[in-house]
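Only one structure is covered here, and it is reproduced in the block below.
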Amino acid sequence: MRTIPFGKPMLDEKEKKAVINVLNGTTLTHGPLVKEFEKMFALFTGAEYAVAVSSCTAGLHLYYFHVGIGPGDEVIVPVETHVATAHAVELCGGKPVFVDSENITGNIDLDQVEKKITEKTKAISVVHYLGMPVDMKKVMEIASKYGLPVIEDCALAIGTKLNGKHAGLWGDVGCFSFYPVKHITTAEGGMIITRSKKIADSISKLRAFGIDRNIVSERKIPGIYDVQELGFNYRMNEISAAIGIEQMKKVEDFLEIRKRNYMTLHNELRNIEEIELFKTTYDDYKSSYYCMAVILKEPLCRKRFEIMEVLAQKGIGVSIYYPKPVPLMSYYKNKYGYKENDFPVAFRLSDFSIALPVAPHLDQEDMIYIAATLKEIIIKLR
Ligand SMILES: *Cc1c(COP(=O)(O)O)cnc(C)c1O
C-alpha cells in the first residue's frame with residue numbers, strides 16, 4: 001500500500017549543510033543570512049521591500065500594531081481562514097468583522113464587504129484561500145473608496161499572481177508563512193512584503209523591540225542605546241534564514257510540481273457527479289495550488305468522516321481547510337455570540353469538504369492513486 005502524507009517538508013543535504021554552517025559560525029541573530037533571504041524573497045515576488053519575521057502571525061500583528069489598531073477599531077476579516085488572521089486583530093484589541101466566503105473560489109465574498117464597513121472600520125484583510133488569488137482589483141476599489149489600508153494574508157500564496165502581480169503587492173502589505181506544511185519552510189517563520197519604504201522601516205524597527213538599528217550601528221560606545229517606542233521580539237534567526245535561502249532556490253520547482261499534481265487530480269475528479277471542485281473566475285492568474293479541495297454534495301456530504309477514514313486506511317493523508325469558520329471557534333463564538341447559520345457558505349466548506357494533497361513530495365502516480373481510491377469509495381456509497 002502507498003503512504004501519502006498530506007504534507008512533508010522538502011529538506012535535503014543543502015538545508016542541513018546550511019544549518020551546520022550557521023552553527024559552526026558565531027552569528028545566530030542579526031546576521032547576513034536574514035538579509036540575503038529577504039533579498040531573495042523580494043526578487044522572487046517583485047516586492048520593493050521584504051522583512052523577515054518569526055511567523056506569519058507575527059507579521060500580521062506587527063502590521064496592525066504599526067497601523068495603530070486598538071479598542072473600538074474594526075477590521076474586515078474573511079471567515080474561512082486560519083485563526084491567525086483574526087487573532088492578529090484581537091491581539092491589538094480590535095474587533096474582527098467577519099465576511100462569508102463565495103461559493104466559486106472559497107475566497108471572501110467581496111459583494112458583502114461594503115455592507116460591513118462602518119466608521120469604526122480601520123482596515124480590510126483578505127486571504128488567498130488555498131492559493132487562489134482574491135479579486136484584488138475589486139478589493140482595492142473598495143479600499144480606496146473608503147480610504148482603508150489592505151492587508152493580504154499570503155500564508156498559502158507564494159507564487160500566487162493576478163494579472164502578473166504577485167499576491168501581497170496589491171494591498172499595503174502581504175504576510176507569508178514558512179510553517180512546515182506551507183509551500184516552503186524555515187521550521188517557523190514569516191515574511192512581510194510591501195511597496196512602501198515607510199512601512200518596511202517601521203516594521204523592521206517594531207520586530208526588534210522598537211530599537212532603531214541605524215542608531216545602534218552608529219553608536220560610539222557599545223552597549224548603549226535608546227528606545228523611543230514599544231515593540232516586539234518577532235525577528236527571524238540565522239538558522240531559519242539559512243534554511244529559507246535553500247528553499248527559495250527550489251521554490252519554482254515546488255510550484256511546478258504542485259501545479260502538475262493539481263491538474264492531474266483535477267482532471268481525474270472533475271466528472272464525478274457527487275462532488276464539486278473550486279473554479280476560477282479570472283483569465284490571467286496563477287495559483288500556488290496549496291491542495292485540492294473536494295466539496296461533497298448532498299447526500300454524500302453526510303458521510304464525510306466515513307470517507308476520510310477509508311482514505312486514511314488506504315494510506316492517503318487528508319486534511320480540512322479550515323475545520324471551522326473562525327467565528328465558530330469557541331473563543332470568537334463565546335465573545336461575539338456568532339451562530340452556525342451566520343456564515344452559510346463557509347460553514348458548508350468547513351463541514352462538507354476534504355482537502356487532498358498535491359504537494360511536491362508526491363508524484364503523478366500518487367495523484368492517480370488518490371483519484372482512483374476516492375472514486376472507488378464514492379461508487380461503493382452510491
Ligand atoms: C498557516 C496560516 C497562518 C499562520 O501562519 P504562521 O506562520 O504559523 O503564523 C496564517 N494565515 C493562514 C491563511 C494560514 O494558512
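Here segment 38-78 was treated as a single set of alpha-carbon atoms; its pair distances binned every 5 Å from 0 give 5, 19, 19, 23, 16, 11, 6, 1 percent.
Once both labels are positioned 7 Å from their Cα atoms along Cα-to-Cβ, the gap between GLU252 and LYS145 label points is 4.0 nm. Lys and Arg at +1, Asp and Glu at -1: add these up for the other residues within a Cβ distance under 13 Å of LYS250 and post the number. Summing Lys/Arg as +1 and Asp/Glu as -1 gives -4. The aspartates and glutamates whose alpha-carbon is closer than 18 Å to the alpha-carbon of LYS220, local same-chain residues fewer than 8 away aside, are ASP212.
Rounded to 0.05, the FRET efficiency of the TYR331 and GLU376 pair, given R0 = 45 Å and the Cβ-Cβ distance, is 0.70.
Peptides 333-340, 244-251, 53-60 ranked from most to least packed give 53-60, 244-251, 333-340, packing being the mean of other C-beta atoms within 10 angstrom over each peptide's residues. Residue separation of ILE368 and ASP283 scaled by 0.36 nm, minus their Cα-Cα distance, works out to 27.9 nm of gained length.
Of the GluC sites (Glu not before Pro) found in segment 254-326, the ones in coil according to DSSP and having at most 12 other Cβ atoms within 10 Å of their Cβ are GLU273. Comparing segment 51-198 with the 2.2 N^0.38 Å rule of thumb, its C-alpha radius of gyration ratio is 0.94 (two decimals). Taking amide hydrogens as placed 1.01 Å from N in the peptide plane, the amide H of PHE98 sits under 5 Å from those of VAL77, each at least 5 positions away in sequence or on another chain.
The antiparallel fraction among DSSP beta bridges confined to the chain stands at about 60%. Can you pick out the pairs among LYS165/LYS197; LYS8/LYS35; LYS286/LYS380; LYS165/LYS339; LYS17/LYS182; LYS8/LYS375 whose Cα atoms lie more than 29 Å from each other? Exceeds cut-off: LYS286/LYS380; LYS165/LYS339. Does anyone have the angle between helix 364-381 and the longest principal axis of the chain? Alpha-carbon axes, 0 to 90°, nearest 10? Long axis of 364-381 versus the principal axis of the chain: about 50 degrees. Put simply, when 114-126, 343-355 are sorted by average Cβ atoms within 10 angstrom per residue, most first, you get 343-355, 114-126. Quick check: Cα centre of segment 262-312 to Cα centre of segment 164-186, how many Å? Value for the Cα centre distance between the two parts: 23 Å.
Taking every eigenvalue of the Cα gyration tensor of the chain, multiplying by 5 and rooting it, what semi-axes result, largest first, whole Å? Display every interim value, and only then the final one.
On the way: eigenvalues 256, 144, 59 Å².
Gyration-tensor ellipsoid for the chain: 36, 27, 17 Å.
Qualifying trypsin sites (Lys or Arg not before Pro) in segment 218-248, where qualification requires a DSSP coil assignment and no more than 10 other C-beta atoms within 10 Å, comprise LYS220.
Segment 98-158 and segment 360-382 have Cα centres lying 34 Å from one another. In this structure, THR29 and LYS165 have a Cβ-Cβ separation that, at R0 = 45 Å, corresponds to a calculated FRET efficiency of about 0.85. A cut-off of 5 Å between modelled amide H atoms, ignoring neighbours fewer than 5 places along the same chain, links GLY189 with CYS56, PHE178, TYR179.
At a threshold of 8 angstrom on Cα-Cα distance, excluding pairs fewer than six apart, so keeping six or more, what relative contact order does the chain reach in percent?
Numbers: 768 pairs, mean separation 86.9, N = 382.
Across the chain, relative contact order equals 23 percent.
Using the alpha-carbon positions of segment 1-96, Rg (one decimal) and Dmax (whole number) come out as 18.3, 55 Å. Which shape class, rounded, prolate or oblate, goes with segment 132-212 when its Cα gyration tensor gives a ≥ b ≥ c as root eigenvalues, a/c under 1.5 marks rounded, and past that a/b bigger than b/c marks prolate? It comes out oblate by the Cα gyration axes.
Within straight cross-link reach of LYS297, meaning Cα distance under 15 Å, which aspartates and glutamates are found once same-chain residues fewer than 8 apart are removed? Cross-link targets: GLU273, GLU274, GLU276, GLU306, ASP351. Highest mean first, the peptides 11-18, 190-197, 68-75 sorted by other C-beta atoms within 10 Å per residue fall in the order 190-197, 68-75, 11-18.
Take segment 176-295, drop everything but the C-alpha atoms, weight them equally and run the Debye formula without solvent; then report log10 I(q)/I(0) at 0.11, 0.22 Å⁻¹ to two decimals. Scattering profile of segment 176-295, log10 relative to I(0): -0.61, -1.26. Positive contributions from Lys and Arg (+1) and negative ones from Asp and Glu (-1), summed over other residues with Cβ under 14 Å from the Cβ of LEU356, come out at +3.
Laboratory data are not the source of any read-out in this text; all were calculated from the coordinates shown. Because the structure is predicted, anything quoted here is derived from the model rather than measured. For neighbour counting, all protein chains shown are included, and Cβ atoms are generated from backbone atoms with ideal geometry for every residue, glycine included.
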